[in-house]
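Values quoted throughout were computed directly from the atomic coordinates according to the rules given, and no laboratory measurement underlies them. Quantities reported herein were computed from a predicted structural model and do not represent experimental measurements. Cβ: placed from backbone, ideal geometry, glycine included. Neighbour counts: every protein chain shown.
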């Protein structure tokens, strides 16, 4: 790991990863499979996590997934993701996904989710993560809110933030 205080949010963020919805991505209702979308989102979030750590990361959890609207055949998806906060060996990556209709060009916010990643070495053992440095008011708000979400996640699985 670099001898550096941390990384700014923008250094690992993804702001415009795109994909298009094809017919094989659709369910029986003609909308994008939620699982297919989460597969794509997990890959984008992994890029953010690996950019932040400069090494390997694995998904620990995905929570607070909210499907606001559906996407349809031909829609262009745009993924926006960034590290909200880091802890000792883990980090939270926030994700927003937008869909743009190819006919209307209207962009809609369709999904929000939070991904927790663990930084790992080549033997899949957890390793330390460098801090994230929030700069803007929005980044600072997300940084503070991430700690609250983490406390809820740990409580739900019977742990506290004081445990390793």
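Points to keep in mind about this one:
- Sorting the segments 86-92, 14-20 by their mean number of nearby beta carbons within 10 angstrom, highest to lowest, gives 86-92, 14-20.
- Least to most buried among 140, 7, 106, 96 (fewest other Cβ within 10 Å first): 106, 140, 96, 7
- Remark: relative contact order (the chain) = 26 percent; criterion is Cα-Cα distance under 8 angstrom and separation of 6 or more residues.
- When the chain is treated as a Gaussian network with alpha carbon springs shorter than 10 Å, the biggest mean-square fluctuation among 129, 111, 66 belongs to 66.
- Selected from 45, 151, 13 as most flexible by GNM, with the chain as the system and alpha-carbon contacts under 10 Å: 151
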